[in-house]
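> What follows is a structure written as structure tokens; I'll ask about it next.
The values are calculated or read from the model by the stated rules, or taken from the named source; none is laboratory data. Since this is a predicted model, take the numbers as computed values, not measurements. Here the Cβ positions follow ideal geometry from the backbone for every residue, glycine too, while neighbour counts run over all protein chains shown.
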Amino acid sequence: QVQLVESGGGLVQPGGSLRLSCAASINSFSIYTMGWYRQAPRKQRELVAAITSGGSTNYVDSVKGRFTISRDNAKNTVYLQMNSLKPEDTAVYYCNARRSPGAYWGQGTQVTVSS
């Protein structure tokens, strides 16, 4: 059974940093495209960042230059380093593992940016 377990969320002041981790219990982790999504109250879930099996990355415009996604295939883990956090980054962050034709989701971790 596939499991994605996120950790690293919490409360941080504006301008601060957090590092999210997603540990995946999944066979052939290295061939999955891994992504981080977020959902703020009363908003749709959006893709924040993704990294392919080959290491290519993409980011939503609002986080470019502030967030970095990376993966460690030896540890079956994907990370999201978040710097210069803003109140508008407040959301539940979800890990996603995608390989056609399906995808898996984690349970989410709350990130709150507030003074």
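> Y59 - would you say it is out of contact with any Gly (no Cβ under 7 Å at 6 or more places or on another chain) and closer than 14 Å to Q3 by Cα? Working first, answer last.
On the way: out of contact with any Gly (no Cβ under 7 Å at 6 or more places or on another chain): yes; closer than 14 Å to Q3 by Cα: no.
The answer is no for Y59.
> Another one. Out of the residues in the stretch 23-43 that are over 15 Å from L80 (Cα atoms) and touching a Leu at 6+ places or on another chain (Cβ under 9 Å), state the one that is modelled with the lowest pLDDT.
Keep residues of the stretch 23-43 that are over 15 Å from L80 (Cα atoms), which gives 25-32, 39-43.
Within this subset, residues satisfying the condition of being touching a Leu at 6+ places or on another chain (Cβ under 9 Å) are 25-26.
Details: S25: 96, I26: 92.
If we take residues in the stretch 23-43 being over 15 Å from L80 (Cα atoms) and touching a Leu at 6+ places or on another chain (Cβ under 9 Å), then I26 is modelled with the lowest pLDDT.
> Those residues that are farther than 20 Å from Q110 by Cα and either not in a loop (DSSP other than H, G, I, E, B) or not β-branched (V, I, T) (or both), I need them from the stretch 35-65; list them, please.
Let us first name the residues in the stretch 35-65 that are farther than 20 Å from Q110 by Cα, namely 51-58, 61, 64-65.
Residues satisfying the conditions are I51, S53, G54, G55, S56, T57, N58, D61, K64, G65.
> Now, a different point. Which pairs turn up if I take residues in the stretch 2-15 that are at pLDDT below 95 and look for partners that are of a type in the set (A, V, I, L, M) with beta carbon separation below 6 Å, at least 6 apart in sequence or on another chain?
Matching pairs, first to second residue: V2/I26.
> Next question, about the same structure. State whether the residues of the stretch 20-40 include one that is of a type in the set (D, E, K, R) and loosely packed, with under 15 Cβ neighbours inside 10 Å.
Residues of the stretch 20-40 of a type in the set (D, E, K, R): 38.
Next, only the ones that are loosely packed, with under 15 Cβ neighbours inside 10 Å stay: none.
Looking for residues that are of a type in the set (D, E, K, R) and loosely packed, with under 15 Cβ neighbours inside 10 Å, one finds none in the stretch 20-40, hence no.
> Just the residues that are within 16 Å of V63 (Cβ to Cβ) and in a strand (DSSP E or B), please, taken from the stretch 84-108.
Looking only at the stretch 84-108, we keep the residues that are within 16 Å of V63 (Cβ to Cβ), and these are 84-96.
Scanning the stretch 84-108 gives A91, V92, Y93, Y94, C95, N96.
> Moving on. Identify all residues within the stretch 73-102 that are surrounded by fewer than 13 Cβ atoms within 10 Å (Cβ to Cβ) and farther than 15 Å from V113 by Cβ; write none if there are none.
Within the stretch 73-102, A74, K75, S100, P101, G102 meet the criteria.
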